[in-house]
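Enquirer: Structure provided below as structure tokens; questions to follow.
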Amino acid sequence: MSKIVMKFGGTSVATTEKIANVARRIQKEKEKGNEVVVVVSAMGKSTDELVDLANELSNAPSKREMDMLLSTGEQITMSLLAIKLSALGIDAVSLTGWQAGLQTDDVHRNAKILTLDPSKILDKLSEEKVVIVAGFQGISTQGEITTLGRGGSDTSAVAIAASIGAEICDIYTDVDGIYTSDPRYIKNARKLEQLEYDEMLELANLGAGVLHPRAVEFAKNYKIPLRVRPSFSEEEGTILKEEIDVENNLVVRGVAFESDIVRLTIEYEVPFNGSLASIFTTLAANHIDVDIIVQSIVDGVKPAVSFSIKKESLAEAITVLESNKQNLGFTFADFEVGLAKVSIVGSGMVSNPGVAAQMFDRLRKENIPVKMVSTSEIKVSVVVPQTDMISAANALHNEFGLEIA
């Protein structure tokens, strides 16, 4: 008998008919003799609908109350699924995130998991029940309901898999696996049978929406095999693990892209000792994520630092910087919107120099200007005009031979 975790996203449970389909999939796993824990998201677009309701009542609803509101979406799904499983003759019990022992920090709307006590889940499994857990939520050290941010149900699922010693964590979604790029926008994108944790972590952080980055990080840290599977068929999907078999000797294995990037630039009259640390410590303290950073110090030119953030963080970032302007020592702040980030990822890049040059050369041939650059051992990211995002991604997908043969 194996312990397995099955996670179903919002599109997989969008209607009662789809919930019934999920229940039958769970029934099959139970009939194989497996101990099953299920993690569910809110139905379809219900989270967006709850956000819209709150925004009708307030331009700035409190983050605490938003967590109280949004946590109800997953609870509806878990209860309906438990009801359907019971109708099929399967003993099932639903648990909220906090009932399941998931404790987080105190950051509302984007909490991080601190600990997970699996005792209640294990007790219910020992009673031969299917345990259904509401994803995306937990309880803070202060006893407050918290949510884990977009895609947080993936993180819940992998954390639970690690805590109970599951053999595998299956993420069921509306796609049949992980592709070399988003097949909705990229011509001839192909499905990958296997992917390394590090490659998927980069892709997830760079805009690929199939998995939440924190979920991949948990899987990597605890060596949990993670499989992305379609909820509408029996296909195996894509499995993530530490090391994979070389697939067609691909140096680059994926192209990711993300819209609504902002370049924020801060200028100084004179170099200010410690300014970089001060800026980014202040932004981090206000939970503002910064991505690409470029500092410019040239004789005869005012020193400046530019960095990229997501558009949704712009207003808060400007407020934080302006309120700390004197302490941070800068004289001028400006921003540029209408940008996007396009990235290539592949563990084979470590031993293949010249990949970045090939990338820049192809973008030059496509007349796509590069505004910022960031690199690591297994990825290269560029910031380009948002109007060029899809054409840049398609060109790079073609350049590195990722298309279906």
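The values are calculated or read from the model by the stated rules, or taken from the named source; none is laboratory data. Note that the coordinates shown come from a computational prediction; the quantities given were computed from them, not determined experimentally. No Cβ is skipped: glycine too gets one built from the backbone with ideal geometry, and neighbour counts run over all protein chains shown. Just so you know, the surface numbers come from the protein's heavy atoms only, side chains and all, with ligands and any DNA or RNA stripped out. Shrake-Rupley method; radii C 1.70, N 1.55, O 1.52, S 1.80 Å.
Enquirer: If you check E243, E247, E258, which single one turns out to be open to solvent by less than 50 Å² (accessible area, probe 1.4 Å), closer than 30 Å to R362 by Cβ and either at pLDDT below 90 or in contact with a Leu (Cβ under 6 Å, 6 or more places away or on another chain) (or both)?
Expert: E247
Enquirer: Residues L53, L57: which one is under 25 Å from the mean Cα position of the chain (by Cα), exposed (fewer than 15 other Cβ atoms within 10 Å of the Cβ), among the hydrophobic types (A, V, I, L, M, F, W, C) and at pLDDT 95 or above?
Expert: Going through L53, L57 in turn, the sole match is L53.
Enquirer: So, E196, is that one within 12 Å of S347 (Cβ to Cβ), touching a helix residue (DSSP H, G or I) at 6+ places or on another chain (Cβ under 9 Å) and surrounded by fewer than 20 Cβ atoms within 10 Å (Cβ to Cβ) or not?
Expert: Taking the combined requirement at face value, the residue satisfies it.
Enquirer: Within region 149-165, track down each residue that is of a type in the set (G, A, S) and either over 17 Å from V38 (Cβ atoms) or open to solvent by 10 Å² or more (accessible area, probe 1.4 Å) (or both).
Expert: G149, G151, A162, S163, G165
Enquirer: Can you tell me which of (1) modelled with pLDDT under 95; (2) open to solvent by 40 Å² or more (accessible area, probe 1.4 Å); (3) aliphatic (A, V, I, L, M) is the one L328 doesn't meet?
Expert: The single condition L328 does not satisfy is (2).
Enquirer: Next question. Look at region 343-355 and say how many of its residues are touching a strand residue (DSSP E or B) at 6+ places or on another chain (Cβ under 6 Å) and closer than 17 Å to F257 by Cβ.
Expert: Total satisfying the criteria: 3.
Enquirer: What pairs come out if I take residues in region 209-237 that are in contact (Cβ under 8 Å) with a residue 60 or more places away in the chain and pair them with residues that are open to solvent by 20 Å² or more (accessible area, probe 1.4 Å) and part of a loop (DSSP other than H, G, I, E, B) whose C-beta lies under 7 Å away, six or more apart or interchain?
Expert: Cβ pairs passing all conditions: H212/G151; S231/D174; G237/D176.
Enquirer: Could you please let me know if L122 is out of contact with any Ser or Thr (no Cβ under 8 Å at 6 or more places or on another chain) and either exposed (fewer than 15 other Cβ atoms within 10 Å of the Cβ) or part of a helix (DSSP H, G or I) (or both)?
Expert: Considered against the rule, which asks whether it is out of contact with any Ser or Thr (no Cβ under 8 Å at 6 or more places or on another chain) and either exposed (fewer than 15 other Cβ atoms within 10 Å of the Cβ) or part of a helix (DSSP H, G or I) (or both), L122 comes out as yes.
Enquirer: Scan region 238-264 and report the pairs whose first residue is closer than 18 Å to Y197 by Cα and outside any loop (DSSP other than H, G, I, E, B) and whose second residue is at pLDDT below 95 and open to solvent by 70 Å² or more (accessible area, probe 1.4 Å), with Cβ atoms within less than 9 Å and a gap of 6+ or a chain change.
Expert: Correct list of pairs: T238/E193; I239/E193; K241/K223; A256/N205.
Enquirer: Which of (1) of a type in the set (G, A, S); (2) in a helix (DSSP H, G or I); (3) at pLDDT 95 or above does S343 not meet, given it meets every other one?
Expert: Condition (2) is where S343 drops out.
Enquirer: If V228 satisfies all but one of (1) aliphatic (A, V, I, L, M); (2) touching a helix residue (DSSP H, G or I) at 6+ places or on another chain (Cβ under 7 Å); (3) modelled with pLDDT of 95 or more, what's the number of the condition it fails?
Expert: (2)
Enquirer: Continuing with the same structure: Please work out if D334 is of a type outside the set (G, A, S), more than 30 Å from M200 (Cα to Cα), part of a strand (DSSP E or B) and open to solvent by 20 Å² or more (accessible area, probe 1.4 Å).
Expert: Judged against the criteria, D334 is a match.
Enquirer: Still on this structure, please answer the following. Scan region 299-342 for residues that are closer than 18 Å to I261 by Cα and touching a Phe, Trp or Tyr at 6+ places or on another chain (Cβ under 7 Å) and report the count.
Expert: Selection size over region 299-342: 4.
Enquirer: Of all residues in region 89-122, which are of a type in the set (A, V, I, L, M, F, W, C), in contact (Cβ under 8 Å) with a residue 40 or more places away in the chain and under 21 Å from S2 (Cβ atoms)?
Expert: I90, A92, A100, L116, I121, L122
Enquirer: Looking at (1) touching a helix residue (DSSP H, G or I) at 6+ places or on another chain (Cβ under 9 Å); (2) surrounded by 14 or more Cβ atoms within 10 Å (Cβ to Cβ), which one does K371 not meet, given that it meets all the others?
Expert: (1)
Enquirer: Here's something else I'd like to know. Of these, T96, T104, T115, T180, which one is open to solvent by 70 Å² or more (accessible area, probe 1.4 Å) and β-branched (V, I, T)?
Expert: T115
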